[in-house]
Amino acid sequence: MHAIHETDVTVLGLGAMGSALAGALVEAGWRTTVWNRSAGRAGALVERGAVEAASAAEAVRASPLVVVCLFDHASVHEVLDPLVDDLAGRALVNLTTTKPEQARESAAWAARARIAYLDGGIMAVPAMIGQPGASILYSGSEQVFRTHGALFEQWAAGTYFGEDAGLASLYDFALLSAMYVMFAGFVQGAALLAPAGVSAGSFAAMAAPWLTAMTGELAGYAEVIDGGDYTVPGQQSLTFSNLGLFVEAITEQGVSAEPVAMVQRLVQQQVDAGHGTEGFARIVESLRHPAPGGRPSAV
């Protein structure tokens, strides 16, 4: 085995994202050891200069920094739990998508094993790694984040949120929630226009600038939510925001109105609770105070 240097790095997991992460490091000149649970994934990386380890244990022992990008929380511990002795004294960066509480559990597990733990949420698709516009959110060990900052920059712009290992995941889920609901709204519009012979591509050309312009309203909504006063003048009222007509029109076209209907339920809950004259941002209260079972409720 070669002598270990501070610039050595190991990547466990060679799915689409893990391969992109490892490839960016190889291209940037880091001595990169790779391992994957199923064989046959490392060939292209080895041709570019990576070293394939015969086992996860061998891969871990090859580097002071171990990056894990596997399928889920369970798979991370399936691979790493038998390797706690090998990982002790090393830095571990977990870029597997996990829930905040799972990230905190992994951080506690790492602390007991004397492993410096940093959790990360990747705000990019594999093709974006190493390109402008990609970002990765980190929380956990500040020392790991600072020590290996130059390496992390090979992947994406990095933002550190503090020692609470669950915060990166929390931000990740918040940002992705906003993205998926926006995408669902776009798909809703595409489905609505399709029977009229309008292609999704034509609709996208119109929707992209419209939605981009609407993001300028986010700061205003944020100010209202942070201030907690939904009666501030200038807000669009909940009564005016009633989307019942939208739901009817979409349904009459033979299309499911589910994405818009979800928003309408939140609006109606607040109207029914007597808040119809207050601003649209008040629907956050239905989300903050869900009824038993996770359903939103009016407060």
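Some notes on this structure:
- Selection within region 75-117 - of a type in the set (Lys, Arg), part of a loop (DSSP other than H, G, I, E, B) and within 21 Å of GLU142 (Cβ to Cβ): ARG90, ARG114
- Qualifying residue in region 138-149 (condition: free of Cβ contacts under 8 Å to residues at least 40 places away in the same chain, buried (at least 19 other Cβ atoms within 10 Å of the Cβ), small (Gly, Ala, Ser) and in contact with a strand residue (DSSP E or B) (Cβ under 6 Å, 6 or more places away or on another chain)): yes
- Summed over region 45-62, the residues that are part of a helix (DSSP H, G or I) and touching a helix residue (DSSP H, G or I) at 6+ places or on another chain (Cβ under 8 Å) give a count of 6.
- When GLN264, GLN188, GLN235, GLN268 are checked against the criterion of being over 29 Å from the mean Cα position of the chain (by Cα), assigned to a helix (DSSP H, G or I) and surrounded by 11 or more Cβ atoms within 10 Å (Cβ to Cβ), GLN268 stands alone in meeting it.
- Of everything listed in (1) under 21 Å from GLY149 (Cβ atoms); (2) of a type outside the set (Phe, Trp, Tyr); (3) part of a loop (DSSP other than H, G, I, E, B), the single unmet condition for VAL67 is (3).
- Residue in region 5-18 that is in contact (Cβ under 8 Å) with a residue 60 or more places away in the chain, among the charged types (D, E, K, R) and at negative phi present: no
- Pairing residues of region 19-32 that are closer than 8 Å to GLN154 by Cβ with residues that are polar (S, T, N, Q) and buried (at least 20 other Cβ atoms within 10 Å of the Cβ), at Cβ distances under 6 Å and at least 6 apart in sequence or on separate chains, gives LEU25/THR32.
- Positions within region 118-137 being within 20 Å of GLU27 (Cα to Cα), aliphatic (A, V, I, L, M) and surrounded by 15 or more Cβ atoms within 10 Å (Cβ to Cβ), in sequence order: ILE122, ALA124, MET128, ILE129, ALA134, ILE136
- Test: residue in region 110-117 that is exposed (fewer than 15 other Cβ atoms within 10 Å of the Cβ) and either at pLDDT below 95 or among the hydrophobic types (A, V, I, L, M, F, W, C) (or both): yes
- Verdict on THR251 being over 26 Å from MET179 (Cα atoms) and either buried (at least 17 other Cβ atoms within 10 Å of the Cβ) or not charged (D, E, K, R) (or both): no
- For region 161-170, the count of residues that are outside any loop (DSSP other than H, G, I, E, B), touching a strand residue (DSSP E or B) at 6+ places or on another chain (Cβ under 8 Å), aromatic (Phe, Trp, Tyr) and surrounded by 18 or more Cβ atoms within 10 Å (Cβ to Cβ) is zero.
- Restricting LEU65, LEU14 to those that are at pLDDT 95 or above and under 23 Å from SER141 (Cα atoms) reduces the list to LEU65.
- Residue under evaluation HIS289, criteria (1) exposed (fewer than 12 other Cβ atoms within 10 Å of the Cβ); (2) modelled with pLDDT of 95 or more; (3) not aliphatic (A, V, I, L, M), criterion not met: (2)
- Note on region 124-160: among residues that are over 14 Å from the mean Cα position of the chain (by Cα) and part of a strand (DSSP E or B), the one that is farthest from ALA103 (Cα to Cα) is ALA157.
The values are calculated or read from the model by the stated rules, or taken from the named source; none is laboratory data. Only a predicted model underlies this, so the values are computations on that prediction, with no experimental measurement involved. All Cβ positions, glycine included, derive from the backbone under ideal geometry; neighbour counts span all protein chains shown.
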